[in-house]
């Protein structure tokens, strides 16, 4: 397979891939992390509530983290075996399984590597800009933020390829990123957002 994602043969074989170039273009133009720490607008709050509900945690409420130190602490204390993390993993596995019935493993690997390569630069730039603006001297912040953004696009791509709609929690999570935020995850009854 070539490195050219626009390869007509790939699209001829898998016409459902046509949904991905617009997502990649959008992701490369997102204002990554540009509103972290700011007051949460009603639109973003509604997205956060939709995400919690869709993930199966209707009692969780958005908790705005105004300072990088708070966000770093929340990120460090995320329990990767928590019920919310498990729910996300089950959704991710279900989408991956569904999509892999339609698209072979080699092509999927190529697609997701391509998405990561395309989006990482824009997400890293956004993270570096906010780190400079907030005077965060922490390379791990930039790496973690950019990695989280790339993961959000990966999951949004799975949603599209599986034919799910905009109400899917992973689509909603991507929309929170589009708002310039960094959704860190659900801990207890709080959905931590920087």
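Below, the figures for the structure above:
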item: Rounded to 5, percent antiparallel among DSSP beta bridges of the chain; result: 50
item: All-pairs alpha carbon distance profile, the stretch 102-142, 10 Å steps from 0, percent; result: 27, 32, 22, 15, 3
item: Cα centroid separation - the stretch 151-183 against the stretch 69-147, whole Å; result: 11
item: Cα long-axis angle, helix 169-178 against the chain (0 to 90 degrees, to the nearest 10); result: 70
item: The chain - mean residue ellipticity at 222 nm from DSSP helices (-39,500 (n - 2.57) per run, n ≥ 4, rounded to 500); result: -20000 deg cm²/dmol
item: Per-peptide average of other Cβ atoms within 10 Å, ordering 65-73, 174-182 highest first; result: 174-182, 65-73
item: Descending Cα extents along the principal axes, the chain, whole Å; result: 48, 35, 29
item: Simple spin-label estimate for residue 101 and residue 117 in nanometres, 7 Å along Cα-Cβ; result: 3.1
item: Relative contact order, percent, the stretch 16-193 [alpha-carbon distance under 8 Å, six or more residues apart]; result: 42
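No lab work stands behind these numbers, since they all come straight from the coordinates. It should be emphasised that the depicted structure is a prediction, and the values quoted were computed from it without experimental measurement. As a convention, Cβ positions derive from the backbone with ideal geometry for all residues, glycine included, and neighbour counts pool all protein chains shown.
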